[in-house]
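Written out below as structure tokens is the structure these notes cover.
The values are calculated or read from the model by the stated rules, or taken from the named source; none is laboratory data. This is a predicted model, so every value here is computed, not measured. All Cβ positions, glycine included, derive from the backbone under ideal geometry; neighbour counts span all protein chains shown.
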Amino acid sequence: METHSLIKENTLTAQYDTPDDEYYMHLALEEADYAAELGEVPIGAVVVSADGVVVRAHNRREVDHDPSAHAEFIALREAAQQLGRWRLSDCTVYVTLEPCPMCAGLMQQARIKRCVFAAADPKSGALGTLYRLHDDSRLNHSFQVTSGVLADESSKLLQDFFSRLRKNRS
Ligand SMILES: [Zn+2]
């Protein structure tokens, strides 16, 4: 019983509590997997509106020769195109790695409702790690952030990708 209550307590103190978040993050992880198959750093994103999934996208920086082709950046632009509006205030963006300043900036511009990310990014994370662009009173929009959803799965994808890369280079 004691073990049980401990688990329950951990669950309650986790930073997320909705099974939907895991469901959508799984879709984003599938996109990340696909990116790895293309030789891209495995990062995936999904934009979800009140009506469900709007778009899924993955990192395409290498294949597109485009420094802005981050998974969530592409997903946001395509979601806006599909919905026929730039204001995505009913949308949640699921992404497998904490967004960089560019992507967090676009989320801000798109007025998103919430961002859910898996692994934190100590080198460029702008939603809590290095910056808090979702929550800066100097900016004209703020949005909710949920972190750590399926973080281990995402980290493993990234680690496997980079260890394969190192092996191929040596
Ligand atoms: Zn980015």
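Assorted remarks:
- Answer from 123, 113, 167, 156 - the residue that is within 14 Å of residue 70 (Cβ to Cβ) and of a type outside the set (Gly, Ala, Ser): 123
- Qualifying residues in segment 41-64 (those that are assigned to a loop (DSSP other than H, G, I, E, B) and near the ligand (Cβ under 10 Å from one of its atoms)) - the one nearest to residue 25 (Cα to Cα): 43
- Some residue of segment 134-145 being at pLDDT 95 or above and under 23 Å from residue 30 (Cα atoms): yes
- Matching entry among 99, 19 (being surrounded by fewer than 12 Cβ atoms within 10 Å (Cβ to Cβ) and under 22 Å from residue 120 (Cα atoms)): 19
- All positions within segment 30-72 that are hydrophobic (A, V, I, L, M, F, W, C), closer than 17 Å to residue 157 by Cα and surrounded by fewer than 22 Cβ atoms within 10 Å (Cβ to Cβ): 36, 38, 41
- Check on residue 105, surrounded by fewer than 17 Cβ atoms within 10 Å (Cβ to Cβ) and within 12 Å of the ligand (Cβ to nearest atom): yes
- Residues that are under 15 Å from residue 44 (Cβ atoms) and surrounded by 20 or more Cβ atoms within 10 Å (Cβ to Cβ) do not occur anywhere in segment 127-148.
- Pairs meeting the criteria (first residue in segment 122-134 and under 16 Å from residue 112 (Cα atoms), second residue of a type in the set (Asp, Glu), beta carbons under 6 Å, at least 6 apart or on different chains) are 127/98.
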